[in-house]
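Each remark here refers to the structure printed beneath this line.
The values are calculated or read from the model by the stated rules, or taken from the named source; none is laboratory data. Since the model is a prediction, treat every value here as computed from it, not as a measurement. Heads up, the Cβs are rebuilt from the backbone with ideal geometry, glycines too, and the neighbour counts pull from every protein chain shown. Calculation scope for accessible area: heavy atoms of the full protein, side chains included, ligands and nucleic acids excluded. Shrake-Rupley method; radii C 1.70, N 1.55, O 1.52, S 1.80 Å.
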Amino acid sequence: MSILRLIIKREFVAKVRNKSFIVMTFLSPLLFVGIAAFVGYLSSMKADVKKIAIHDETGLFVTEFKNTEEYNYLDLSTVSLQVLKDSIKKERFDGLLFVPKVTDNKALENKIQYISNDSPSYTFLEKTERIIAQKITLLNLERAKLDTLAIHNAEAKVSIGLSKASGEQSLKGLNEIKIAIGGAFGYLIMMFIIIYGNMVMRSVIEEKTNRIVEIIISSVKPFQLMMGKIIGTSLAGILQFFIWALIGLTLMFGASLFFGVNLGPGTNIPPEMLNGAQEQFTSTAQMYIKELWNLPIATILSSFVIYFIGGYFLYSSFYAAIGAAVDNETDSQQFLLPIIMPLVLGVYIGFFTVMNDPHGTIATVFSMIPLTSPIVMLMRIPFGVPWWQILLSVSILFASFFFVVWFASKIYRVGILMYGKKPTWKELYKWLNY
């Protein structure tokens, strides 16, 4: 068995047999589900009811505000304005809506004030402005002696139906679902790269600090040692991903059976077994799950593995070189920021450009740049990407890896035996030219 294969096996077995690896492999999906359920529970909790005092000198708007689960409106127009302001200071009310009396309704557009100790939320302010604006508009129409009922009946409410060229009905919000799926996979790649890259760096630092590396490189070339660490750790990450993918597909298939999605004969729930809202909900759920199955799942999963391997190899070369250059993790911090920034940039570009224009110039270009392509391309794939673009992106990614690993190995070769000297960027440049 070759030396490189022995190193790969050693690193893989060491990672897989680690208790934390085993626990996190099966516990992480539960943690994600638990966090999602906890966030959903928190968002469903009712907030404290806020008391809003209204001092309406015109008497036109106070009846327009209706109590809700979040806000309780109190008509205190007969109370002195100064007394109400003092009550706000003493926090007896959360806010005071003051509507002054003016001769012209037009002047009210800029005269109304909201007084509070804390700034109101944008949603509350927008809703309040809309209620007042609608009332002023209605008053203006009545003053102009226009038929407000006819105007109301003339208002059109448009609901655009979505369908495919094949005639099948489409659904709203599919783009958001696709970017969520692509974003989840892209974010996973970023986290995998950072987590496993740090594992490689810590392993190099540990062996260097314990002087074990001096014994190892007596029979192993530094390049073989670096590649063995990178490949062995990546195989552990791929194994973890396959376990998660198997769990996810099993849950998705179970959900399909639960909602009766037509994935095979005999899986539809008869409509007569359902009624009203339940039938509509199940029908909609069937359509959404069916659309999810229509996504290029095989391409997404295979691309995830390929881009994880390419991206991990590329970034782990940097991590291994940094681990060889420093004596402890504290000294590595100055070198980590330039490595993490392209990953963060890829996430932001993916969310802010792929959602609006998945096949635009910016999204396409950054899905080709090797430092961002593992994230951006995965966000594009759910929208459908030509195979030649994926092939070109992967080719550039792996070609960049071989180019980077050649440079990183020069730093690794020199730095692995350097002790007691805090490296700088200038020092690393000298090692490259050594």
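For segment 374-422, what are the residues that are of a type in the set (Lys, Arg) and surrounded by fewer than 24 Cβ atoms within 10 Å (Cβ to Cβ)?
Lys410, Arg413, Lys421, Lys422
Scanning segment 36-80 for residues that are in a helix (DSSP H, G or I) and within 25 Å of Gln134 (Cβ to Cβ) yields a count of 3. Residues in segment 336-375 that are free of Cβ contacts under 8 Å to residues at least 40 places away in the same chain, within 14 Å of Ile179 (Cβ to Cβ) and not in a loop (DSSP other than H, G, I, E, B): Tyr348, Ile349, Phe352, Thr353, Ala363. Put simply, of Lys85, Lys101 the only residue that is charged (D, E, K, R), surrounded by 11 or more Cβ atoms within 10 Å (Cβ to Cβ) and not in a loop (DSSP other than H, G, I, E, B) is Lys85.
Kindly check whether there is at least one residue in segment 48-62 that is among the polar types (S, T, N, Q) and out of contact with any strand residue (DSSP E or B) (no Cβ under 6 Å at 6 or more places or on another chain).
Quick first cut of segment 48-62, residues among the polar types (S, T, N, Q) only: 58.
Then drop every residue that is not out of contact with any strand residue (DSSP E or B) (no Cβ under 6 Å at 6 or more places or on another chain), which leaves none.
So far as segment 48-62 goes, no, none of its residues is among the polar types (S, T, N, Q) and out of contact with any strand residue (DSSP E or B) (no Cβ under 6 Å at 6 or more places or on another chain).
Quick one: is Ala156 over 15 Å from Ile52 (Cα atoms), assigned to a loop (DSSP other than H, G, I, E, B) and open to solvent by 40 Å² or more (accessible area, probe 1.4 Å)? Answer is yes for this residue. Considering Phe12, Phe32, Phe21, the condition of being open to solvent by 50 Å² or more (accessible area, probe 1.4 Å), under 30 Å from Ile231 (Cβ atoms) and touching a residue at least 60 places away in the same chain (Cβ under 8 Å) is satisfied by Phe12 alone. For segment 47-65, the set of residues classified as of a type in the set (Val, Ile, Thr) and either in contact with a Cys (Cβ under 7 Å, 6 or more places away or on another chain) or open to solvent by less than 30 Å² (accessible area, probe 1.4 Å) (or both) consists of Ile52, Ile54, Val62, listed by residue number.
In this structure, Lys106 does not qualify as open to solvent by 60 Å² or more (accessible area, probe 1.4 Å) and either assigned to a loop (DSSP other than H, G, I, E, B) or touching a Lys or Arg at 6+ places or on another chain (Cβ under 8 Å) (or both).
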